[in-house]
Amino acid sequence: MAAPLPSAYLQSVEHLLDDLPSIFVGDKGRIPIHPLPLQQALHGLRDELVLVHGPGGIGKSDLGLNIALGALAEASVVYMSLELSSKAIMRRLLPLESALNDYDSRIDAEEFTEMELLPPIRREYVQQIVAQTRRTCCSLSIVDDAFTPGEFTGRTVEELRRAVHQRRARGEDVLVVVDYVQLLSLEESCFTATDHIDKVSRCLASIAHTEQVPVIAISAVGKDGSIRGSSMLQHDADIVLKMIEDEDNGEFRTVRLLFEKWREGVAGSSVTLTYAPAHHLFF
């Protein structure tokens, strides 16, 4: 007896026209992000795989953290950090939170560890930022390569897919950040590095489209500036953002995000951001 055909082969798509908002903004709308110029260009994110690449030191990881922090207002965030530890991420997150709150009153890293030596008013402000970050972090999960006894230590893309599926099944809106995509593992080994990246890429695209969540994939680049590993990363991505440094005056840098690919927008357009590396802030 032949297996029954999936319903997609047998029914028309006429029913999709009964809910136009779900076509254009998704079943639960779009997830807002930071920085504001990128939010204004994209109007938030939905079921899209966004590939971010650029030269070393330009701020790719910080941009991923900015996007994540903006999304936490309305969604849970799974931040898979395969280069930095969760403590290193938190060392960036606290100054970033303070700069977002009030850049003129931003807090340096040393002030978080020497809080008792600060003047009372300043100490109270630092404590407020810590409390604010604590509330923010209730919806943030950081997955790094730290060893936990009794757990499988290889951070795989399949493990990520299962985690996102479980959270979506609970009704959560989720945004995923992967830093770096080339460091993601697979549960089954591949013959070549290219095959490995191809499978990781397809799985990340599947997470974005099947689970209907935004996935930000930060990519390493080679010495020639090309995306390292496989052209499938660019093929599978819905949006490809290339980070280009236009100016560096010390405290601030001007960084342009070039839309090399944008399935629902204008490829070749760009967004200009100001970057404060000392406080990991894009605005």
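For the range 31-131, what does the alpha-carbon gyration tensor say about shape, rounded, prolate or oblate, given a ≥ b ≥ c as the root eigenvalues, a/c under 1.5 as rounded, and a/b over b/c as prolate?
Numbers: a/c = 2.27, a/b = 1.74, b/c = 1.30.
Since a/c reaches 1.5 and a/b is larger than b/c, the shape of the range 31-131 is classed as prolate.
Which trypsin sites (Lys or Arg not before Pro) in the range 250-283 pass both tests, a DSSP loop state and at most 13 other beta-carbon atoms within 10 Å? Answer in residue order: Arg263. Distance between the C-alpha centres of the range 46-125 and the range 196-217: 24 Å, rounded to the whole angstrom.
At a 10 Å Cβ-Cβ cut-off, how would you order Glu97, Glu247, Glu188, fewest neighbours first?
Fewest-to-most ranking of Glu97, Glu247, Glu188: Glu188, Glu247, Glu97.
The slack between Gln40 and Asp195, meaning 0.36 nm per residue of separation minus the straight C-alpha distance, is 52.2 nm. Taking the number of Cβ atoms within 10 Å of each Cβ as an exposure proxy, the fewest-first ranking of Leu160, Leu233 is Leu160, Leu233. Shown for Val143, Val215, Val50: other C-beta atoms within 10 Å of each C-beta, ranked fewest to most, produce the order Val143, Val50, Val215.
Given the choices [x] 57; [y] 50; [z] 71, percent of Cα pairs over 23 Å apart derived from the coordinates of this structure is entry [x]. Take the alpha carbon gyration tensor of the range 137-283, find the square roots of its eigenvalues, order them as a ≥ b ≥ c, and report rounded if a/c is under 1.5; if not, report prolate when a/b exceeds b/c, else oblate. Verdict is prolate for the range 137-283. Starting from the Cα of Lys223, draw a straight line to each of the lysines and keep only those under 18 Å, dropping any in the same chain fewer than 8 residues away. Partners found: Lys60, Lys242.
Taking 7 Å steps out from each Cα toward its Cβ at Ser85 and Glu188 produces label points 3.5 nm apart.
Read-outs: derived from the displayed coordinates by stated rules, not from any lab. What you are looking at is a predicted structure, and each value in this text was computed from that prediction instead of being measured. Please note: Cβ atoms are built from the backbone with ideal geometry, for glycine as well, and neighbour counts cover all protein chains shown.
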